[in-house]
Amino acid sequence: MKRGHVETSMQEKLDQLIEEHRHWTKKGAVATYIPELSKQDPDLLGISICEVDGTQWQAGDWQAPFTIQSISKVAYFTCVLLDNDFEELTKKISVSPTADGFNSIVNLETKNEHKPLNAMINSGAIAGISLVKGATIEDKFQRIFRMICDMAGNEALKVNEAVYLSEKRTGDRNRALAYFMKGTGIITVDVEELLDAYFRLCSIEVNCRDIAIMAATLANEGVSPVTGKTLFDPKTARIVKGVMTTCGLYDGSGEFAVDVGMPGKSGVGGGIMTVSPRLLGIGVMGPALDAKGNSLGGWKLLQSLSEEWDLNIF
Ligand code: GLN
């Protein structure tokens, strides 16, 4: 942190914040619609921070593994932007916010020439994977998987097989979205193969540090603060952060902008990442979710940090 805090007080502060916010985990509930996620420990709460110079801070249950879920959508969207002309892309996926849940079907039929509203909700993410470069869907999966490993600066990431199989078995809502989009021509590839890639990407196991480094890579405009690799350009980073700001917490994005005021992305595994442009990335985890599928403890923790350290970009 470059806001006048000495290192010991930073660690003490984070430890203290975790303990002060743990009670929020009691007010949320773990996701159950993916049966394997219902086995998560609802009491966990952790945080990692990665500054753009690579300095890292961690507290609480930051080492606890969880599945990345919708946070992976940031990486699909990054690849989609790198691999497609932006004007052409917006004919298939908009950059508009939504007032409906992350797996809502209604807008696909009633709005927007049947286009998904944005790439941070399930419909836009599933369509997005199909638009990533690659001769086969497996190639598209590998390209996005590589981007997630590179953004996290972690070569050891892998898919949690139990969560993947659980999602694949129960993901009928996502099947409905994908088949509808195949019907309207937004998707032109094999739906089951595409969904298989989506379920695997959602089931990648990460911890708070992985998502903090991913966020810090966006804060650092595409250059990894831990490996120094240039992964994407500042313009791509800007578009991703813009869509995260308006759509990253689904129908909770408005409240998150008011409460926290940073580009963010959540997942039903309990993770939330936020980006402080040119300063740092934060990764929090707390599997107890609010009604919209966002980590309740994580949200409250970010809200306090944002207020205390003046991280609200607005
Ligand atoms: N895999 C989850 C799903 O498709 C991702 C949703 C989320 O994290 N909000 O429902």
- Identify the single condition in (1) open to solvent by 10 Å² or more (accessible area, probe 1.4 Å); (2) of a type in the set (D, E, K, R); (3) under 19 Å from Tyr250 (Cβ atoms) that Lys73 does not satisfy, given that it satisfies every other one. (1)
- Query: If you check every pair at least six apart or on different chains, which have Cβ atoms under 6 Å apart with a residue in segment 223-247 that is in contact (Cβ under 8 Å) with a residue 40 or more places away in the chain and over 12 Å from Phe77 (Cα atoms) first and a residue that is open to solvent by less than 30 Å² (accessible area, probe 1.4 Å) and among the polar types (S, T, N, Q) second?
  - Reply: Ser224/Thr217; Thr246/Ser253; Cys247/Asn118; Cys247/Ser253
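Quick one: which residue in Asp310, Asp290 is acidic (Asp, Glu), open to solvent by 10 Å² or more (accessible area, probe 1.4 Å), in contact (Cβ under 8 Å) with a residue 60 or more places away in the chain and within 16 Å of the ligand (Cβ to nearest atom)?
Asp290
Residue under question is Ile213, and the condition is that it be within 16 Å of the ligand (Cβ to nearest atom), within 23 Å of Phe66 (Cα to Cα) and modelled with pLDDT of 95 or more; does it hold? Talk me through it step by step, then tell me what you get.
On the way: within 16 Å of the ligand (Cβ to nearest atom): no; within 23 Å of Phe66 (Cα to Cα): yes; modelled with pLDDT of 95 or more: yes.
In short, no.
Among the residues that make up segment 253-265, is at least one of them within 12 Å of the ligand (Cβ to nearest atom) and either more than 19 Å from Phe145 (Cα to Cα) or open to solvent by less than 50 Å² (accessible area, probe 1.4 Å) (or both)? If you could, list the steps in order and put the result at the bottom.
Of the residues in segment 253-265, the ones within 12 Å of the ligand (Cβ to nearest atom) are 265.
Narrowing further to those that are either more than 19 Å from Phe145 (Cα to Cα) or open to solvent by less than 50 Å² (accessible area, probe 1.4 Å) (or both): 265.
Yes, some residue in segment 253-265 is within 12 Å of the ligand (Cβ to nearest atom) and either more than 19 Å from Phe145 (Cα to Cα) or open to solvent by less than 50 Å² (accessible area, probe 1.4 Å) (or both).
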- Selection status of Glu205, acidic (Asp, Glu), out of contact with any Pro (no Cβ under 8 Å at 6 or more places or on another chain) and either within 14 Å of the ligand (Cβ to nearest atom) or part of a helix (DSSP H, G or I) (or both): no
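Which residue out of Ala99, Ala156 is outside any helix (DSSP H, G or I), among the hydrophobic types (A, V, I, L, M, F, W, C), open to solvent by 60 Å² or more (accessible area, probe 1.4 Å) and under 27 Å from Val226 (Cα atoms)? Lay out the reasoning, then the answer.
On the way: Ala99 fails: under 27 Å from Val226 (Cα atoms).
Being outside any helix (DSSP H, G or I), among the hydrophobic types (A, V, I, L, M, F, W, C), open to solvent by 60 Å² or more (accessible area, probe 1.4 Å) and under 27 Å from Val226 (Cα atoms) holds for just one of Ala99, Ala156, which is Ala156.
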- Note on the structure: Scanning segment 113-148 residue by residue, those free of Cβ contacts under 8 Å to residues at least 24 places away in the same chain and either among the small types (Gly, Ala, Ser) or assigned to a helix (DSSP H, G or I) (or both) turn out to be Glu113, Gly134, Ala135, Asp139, Gln142, Arg146
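Conditions tested, residue by residue: (1) hydrophobic (A, V, I, L, M, F, W, C); (2) more than 29 Å from Thr246 (Cβ to Cβ).
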{"site": "Ala29", "(1), (2)": "yes, no"}
{"site": "Ile34", "(1), (2)": "yes, no"}
{"site": "Gln40", "(1), (2)": "no, no"}
{"site": "Ile47", "(1), (2)": "yes, no"}
{"site": "Cys50", "(1), (2)": "yes, no"}
{"site": "Trp62", "(1), (2)": "yes, no"}
{"site": "Pro65", "(1), (2)": "no, yes"}
{"site": "Ile71", "(1), (2)": "yes, no"}
{"site": "Tyr76", "(1), (2)": "no, no"}
- Message: Among the residues that make up segment 42-63, is at least one of them open to solvent by 10 Å² or more (accessible area, probe 1.4 Å), within 16 Å of the ligand (Cβ to nearest atom) and either under 16 Å from the mean Cα position of the chain (by Cα) or not acidic (Asp, Glu) (or both)?
- Response: no
- Query: Which residues, taken from segment 160-196, are more than 12 Å from the ligand (Cβ to nearest atom) and either assigned to a strand (DSSP E or B) or under 21 Å from the mean Cα position of the chain (by Cα) (or both)?
  - Reply: Glu161, Ala162, Leu165, Leu194, Asp196
- Note on the structure: A careful count of residues in segment 221-252 that are open to solvent by 10 Å² or more (accessible area, probe 1.4 Å) and modelled with pLDDT under 95 gives 1
- Query: Limited to segment 159-189, what total is found for residues that are closer than 21 Å to Asp210 by Cβ, touching a residue at least 60 places away in the same chain (Cβ under 8 Å) and open to solvent by 30 Å² or more (accessible area, probe 1.4 Å)?
  - Reply: 2
- Query: So how many residues does segment 266-287 have that are out of contact with any Cys (no Cβ under 9 Å at 6 or more places or on another chain), open to solvent by less than 10 Å² (accessible area, probe 1.4 Å) and more than 13 Å from the ligand (Cβ to nearest atom)?
  - Reply: 4
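Counting just the residues of segment 15-41 that are of a type outside the set (A, V, I, L, M) and buried (at least 19 other Cβ atoms within 10 Å of the Cβ), which one comes out nearest to Gln303 (Cα to Cα)?
Within segment 15-41, the subset of a type outside the set (A, V, I, L, M) is 15-16, 19-28, 32-33, 35-36, 38-41.
After this cut, where a residue has to be buried (at least 19 other Cβ atoms within 10 Å of the Cβ) as well, the list is 21, 24-25, 28, 36, 40.
Numbers: His21: 11, Trp24: 12, Thr25: 15, Gly28: 16, Glu36: 29, Gln40: 24 Å.
Residue satisfying both the conditions and the ranking: His21.
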- Only one of (1) within 13 Å of the ligand (Cβ to nearest atom); (2) at pLDDT below 95 is not met by Asn107, so which one is it? (1)
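The values are calculated or read from the model by the stated rules, or taken from the named source; none is laboratory data. Treat the numbers as computed from the prediction; the structure is a model and nothing was measured. Glycine gets a Cβ as well: all are built from the backbone with ideal geometry, and neighbour counts include every protein chain shown. Accessible surface is based on the protein model in full, side chains and every heavy atom, while ligands, DNA and RNA are left aside. Shrake-Rupley method; radii C 1.70, N 1.55, O 1.52, S 1.80 Å.
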